[in-house]
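Report on the structure given below.
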Amino acid sequence: MSRSCDICGKHPMYGNKVSKSFNHTKRTWRPNLLKVKTEIGGTTRTYNVCTRCLRSGFIVKKVTVPKQVTEAATSAN
């Protein structure tokens, strides 16, 4: 899994952790990525999406509803 968002291109950032005594240690900030299934153009694909893009609505999750739930919902009406 690549560590970049397929929608916005957000990727890991590199820098230094600085202690109280001003010692510098290399560190990495990674984006919060999720594997999300979505349907685009009638085909289902899995994308690596950062939570910011998911929350902003740039991509919509494909949610499968179990058969028993849909039958119960239609019979209740």
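The values are calculated or read from the model by the stated rules, or taken from the named source; none is laboratory data. Quick caveat, the model's predicted, so the values are computed rather than measured. Every residue, glycine as well, gets a Cβ built from its backbone with ideal geometry; the counts of neighbours run over all protein chains shown. For the accessible areas, the whole protein counts, side chains as well, though only heavy atoms, and no ligand, DNA or RNA atoms are used. Shrake-Rupley method; radii C 1.70, N 1.55, O 1.52, S 1.80 Å.
If eta is 1.306 mPa s and T is 10 °C, what Stokes-Einstein diffusion coefficient results for the chain, Kirkwood Rh from Cα pairs, in µm²/s?
Numbers: Rh = 15.7 Å.
Translational diffusion coefficient: 101 µm²/s.
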* To do: With a 1.4 Å probe and every protein chain kept in, tell me what percent of the accessible surface of the chain is carbon plus sulfur.
  => 52
* Asked: Using 7 Å Cα-to-Cβ label points, what is the Ser21/Lys61 separation (nm, one decimal)?
  -> 4.6
* Got the relative contact order for the chain handy, in percent, Cα pairs under 8 Å and 6 or more residues apart? -> 25
* Structure fact -> Probe 1.4 Å, heavy atoms of protein chains only: per residue, the accessible area of region 25-65 in Å² is 78
* Structure fact -> Rounded to the nearest 500, the 222 nm mean residue ellipticity computed for the chain from DSSP H runs (n ≥ 4, each -39500 (n - 2.57)) alone is -5500 deg cm²/dmol
